[in-house]
Every structure is written in structure tokens, then in C-alpha cells.
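Worksheet: the structure to be examined is printed underneath.
What follows is calculated from the coordinates using simple rules that are stated; it is not laboratory data. None of the values given here were measured: they were computed from a predicted structure. FYI the Cβ positions are ideal-geometry reconstructions off the backbone, even for glycines, and counts take in every protein chain you see.
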Amino acid sequence: MPNKYKWPVTPIRTPMTAVVQLSVMGDTLDDQLSWTPIAKPLRRTIINTMFSTSLSDGQFDSIGGLDAYFNDWYEEENNVAAGHVSVRTHREVLSIIVQLQTTSQTRSEVYSTLLQGNPTVERKLLDASIDLAVRLWLTVSVGSIEQSLTPGKTLTWEEDKLQDTLHESLWPPSQLDEKVKLPKTFTAANLEKIAGLKVIWTSNLADHLCLKDDDTKVMLYHQATFLELHKDLNSSMFPKDLVEETTRTLGLLIPSIDKKSKTWFQQKQKELDLDPKAGTYGPLNASSRQIEHFNYWRDRLIILKQTFDDVEPHSLSLLIFDDRKKVQWYTFWIAALVLLLTIVFGLVQSVAGVVQAWAAVRSMPP
């Protein structure tokens, strides 16, 4: 298959440890990054390399949900970056990911290591390759790749270690002390039906639970299957408690046993090809819904809940579903019932009057 991109790209010579790990994976890793769609055997090889696993075809299929990662993130990011990075193949970009996993270096140190075997590579292209590798590995938009139009929050990784940049930018110490309650009604379906917020699905973890467009939209991360693969990687980038808390926020907002939430998510999943696993987490009990049990996403949950509480229904459809304030909701329905009964009785009286008048006319002698 010919490469549709005609610019010369200098391949990176990877560290020996990375070469050993990648050389046994097969020639398919030498396919061009821009060639899509990626066949299932190559997808399995990429995941096995990225997470140091040995999944068989059957095991890969049983996991499910990874198609969403490749369709909505891996392939999209590679297509956009093609021609603006120094890497050309899956093997080359995976070698950078392997290096990032096995080292705890600053960006300059990572760059210097990669440059040793390739002193002629252009700095801009190599920097973009590092950013691309981080994006593919962590599903976090990092750096600025030319022509990339990834919406939402983008992190800048400069001199610090990568894990320091992630935690300082995405999960700094909580700044909000509000003791908000997260009731069972606080679901993504109700954010749309009651509060009128539009749910925007994202594969960029940096956008999870963020409000945008003057607090009229909320971003929800759906790549749950891929995120859970990080739990067994023993990586300082995504600690296990971060992964678990992120999936708990999905259980909070898309409780799997709530019929309305389940129906709502299934419709979204089919329309947008979302990761189905995002809607499989069980609901949180009253204790688990306490805001004190959230560390990484606490501030964003507080802001989202405050927005949910503050939004007043601005249409009849929102008013019908809005049962957050029980007294107001019951008052609305009682008033609506009284109005309906008034109209019905008025119509009955009118009809009865017409019938009586007609009967009186018929009874008159000619």
C-alpha cells in the first residue's frame, strides 16, 4: 500500500530495550501510522506492546470496548499528526511509549536520549513525536502538534517530569471546601433532561467533567476499557486510585441499574460509537457518593453539581422533568391539574349548555 504522504521522515533509533520488546511483535508494526482502519490483529499487537501484555485474539475480543479507543483516538491522532512528526510507523511511536514507561525523565532528557541515535532529526518533528506518543499512551492531549485541532484542554509538558505535569495541571490539591450532596438524581441523563446541559463525549481525559461554552455543556470521558488497562501497568502516571475514582464518577453519572440512565446511555453509545463499558458501572451507595471520597475529580464534581442546582428550567419540557425541588415540582403539577380540570369542567358545562339550548329549541311548538 503506497504512502499517501510524500514528505521524508527520519525514523527514530530506539533504545535497545525497546527494540528487543518490539522486534518480536511482527512486521505489522511497520505499517504507516496514517493507514486506516487498523485491522484487529494489529490493534491487539499495539495493545500488547503498550501494556506489556500477551492477549490472545479471544482475550482481546472478550475485553471489548477497545474499538472506541482506536476509532476515536489512536487513528484520529495519528492521521492529524502524520507529516508533522518524525515517526512514521507504529513500531517507532511505540518505542517512545516504551521509553516513557521505563524511565522517569524530564522532557529534555527524553529528547536527548532519542536524539543520540539520530542527531540530524529536526527538533520540531521530534518534539511532536514525543507529544504524539504521550497522547496515544495516556489519552491526554499534550503539547501542540501542527494542524492538530483537538478540542478541549491541552497540557503543556516542558521541563518537569511527565507525571508532575499531569498531576499539577489536572489534579492539583482541592481548592473548594463546599460540602455538596450528590443524590441519586445527579446523573448524566438528568443533566440533559432537567438542567438542559448538553453532554459532550470525549476521549481526552483532561476534559473529563469540565464545563464549557458558558456552562451549557459538560464533557464526559468514555474510554473506560482503555483506562482500566493502566491499573495493571504499575505506572506513576495513572495511579490505581485515579483509575478507580474515574470509573466511580461514571458509575455516579451513568448508574447501570437505573433504567432511565441505561436507556439514555445505550442510545448515545449506538449513535456515537462510545465505549460500552462506560455505562456498565454500578451505582454508588450513599456513603460512596459523599464528596469527601473524591480526591482527583472533587472540584469539578462540586462545580458541576452547583451548576446542576442553579440552573432554572427555561422550557416546558425541562420543567416537567425537573423534580429537584419537590415542593415546587408538586406545586406545578397541582396547578397544572387544577387548570386541566377547570378546562375540562368548562368544556362539559359549555357542551351541556349547548345541548340544553338545542333541546329547548326542539321542544318549542311550530
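General observations
- Anchor residue 217: aspartates and glutamates whose Cα lies under 12 Å away (excluding residues fewer than 8 positions away in-chain): 192, 207
- Segment residue 108-residue 263, extension gain: residue separation times 0.36 nm, minus the distance between their alpha carbons: 51.0 nm
- Other-chain or far-sequence residues with amide H under 5 Å of residue 89's (modelled H): 33
- Near residue 142, the amide H atoms lying under 5 Å from its own belong to 135, 155; only residues 5 or more places off or on other chains count, and H is placed 1.01 Å from N.
- Remark: the residue 344-residue 286 segment gains 16.5 nm on full extension, using 0.36 nm per residue and subtracting the alpha carbon distance.
- Diffusion coefficient (Stokes-Einstein, Kirkwood radius over C-alpha pairs, 25 °C, 0.890 mPa s) for the stretch 188-317: 161 µm²/s, rounded to a whole number.
- Per-residue HN-Hα couplings for the stretch 51-60 [Karplus 6.51, -1.76, 1.60; θ = phi - 60°; Hz; x = Gly/Pro]: 10, 6, 10, 9, 5, 7, 4, x, 5, 4
- Take every Cα pair under 8 Å whose residues are at least 6 apart in sequence, average their separation, divide by the length of the stretch 188-317, and the relative contact order is 26 percent.
- Karplus-derived HN-Hα couplings along the stretch 265-280 (A = 6.51, B = -1.76, C = 1.60, θ = phi - 60°), whole Hz, x at Gly and Pro: 5, 4, 5, 5, 4, 5, 5, 10, 6, 7, 5, x, 5, 4, x, 9
- Considered as an equivalent ellipsoid built on the Cα gyration tensor, the stretch 16-170 has semi-axes of 24, 18, 16 Å, the largest given first.
- Amide proton proximity set for residue 221, modelled H, under 5 Å, gap of 5+: 202, 209
- Mean Cβ neighbour count within 10 Å, used as a protection proxy, ranking 161-167, 120-126 highest first: 161-167, 120-126
- Entry note, the stretch 16-170: relative contact order of 24 percent, from Cα contacts under 8 Å with a spacing of 6+ residues.
- As a rough guide to protection, the peptides 87-97, 301-311 ranked by mean Cβ packing within 10 Å, highest first, stand as 87-97, 301-311.
- Total lysine pairs under 16 Å (Cα atoms) in the stretch 227-296, excluding pairs fewer than 8 apart on one chain: 8
- A simple rule links phi to the HN-Hα coupling: the Karplus curve 6.51 cos²θ - 1.76 cosθ + 1.60 with θ = phi - 60°, which for the stretch 87-96 gives 8, 10, 10, 4, 4, 6, 6, 5, 5, 5 Hz, with x for Gly and Pro.
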